[in-house]
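The values are calculated or read from the model by the stated rules, or taken from the named source; none is laboratory data. Please read these numbers as outputs of a predicted model, since none were measured by experiment. Cβ placement follows ideal geometry from the backbone for every residue including glycine, while neighbour counts extend to all protein chains displayed. These accessible areas exclude ligands, DNA and RNA; they are computed on the full protein's heavy atoms, side chains included. Shrake-Rupley method; radii C 1.70, N 1.55, O 1.52, S 1.80 Å.
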Amino acid sequence: IANIVYSCYIVFCIPAEGFAETVCSMVSRFVGSKRPERIGNVLRSTTGGAVLATGPFILLALVAPQWIVAIFSHESGLLSQGNASLRVVALAMFVAIPAYLWFTAVEGTGDTVGALGIDVLLTLVMLGVTYLGAIHFGWPMAFVWVAVPITWLVCLALSYGWIKSGVWKRLEV
């Protein structure tokens, strides 16, 4: 079940990946042309576009998760067991998309050390929350998937703060 839900999550991320490439390029361009004030506009428009592009998949996962799970497996037991987890992952996309685009903006500034620090911290948060939920508390799988939106919330907060603080301006690009 976890493999099927993770596969769906990766498919949900595909539109955001495309928009993230645009964010990285545009942020880099604005930093290089000494117009960093335009970064916010790029992030707002690309976030909206990514949510719109991913929206139909999210809606389908919320309304009829069994249809999506059925694409990956025809076992009736898996269909019912994966529904709640798939809904959690679908809702997580509303946090994951803006978080991923803001994180990509950090990368686009050329601050690779800052991006690495954020990424390492996110890895620790994801592993920690997953361990606590699955091993320590023994939560059902759907609750363990809550680690995804929690991690993306941390990513959004750190990336947004990093960009808004201007720490990345210390670099000479």
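Data overview
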quantity	calculated
Nearest 10 degrees, 0 to 90: helix 112-131 Cα axis against the chain principal axis	20
Residues LEU59 and LEU171, FRET efficiency given R0 of 41 Å [Cβ-Cβ distance, rounded to 0.05]	0.50
Full-extension gain in nm, PHE143 to THR123, via 0.36 nm per residue minus C-alpha separation	5.4 nm
Electrostatic dipole magnitude of the chain [Cβ: Lys, Arg +1; Asp, Glu -1; Cα centre; debye, to 20]	520
Pair LEU132, GLU21: separation of 7 Å Cα→Cβ label points (nm)	3.7
For the range 136-157 and the range 81-119, distance of Cα centres in Å	13
Between 0 and 90°, nearest 10: helix 39-63 axis offset from the chain longest Cα axis	10
Angle in degrees between helix 147-165 and the longest Cα principal axis of the chain, rounded to the nearest 10	10
Debye, to nearest 20: dipole size of the range 1-79, +1 on Lys, Arg Cβ, -1 on Asp, Glu Cβ	520
Accessible area, probe 1.4 Å, largest first, for residues ASP111, ASP119	ASP119, ASP111
Relative contact order, percent, the chain [alpha-carbon distance under 8 Å, six or more residues apart]	28
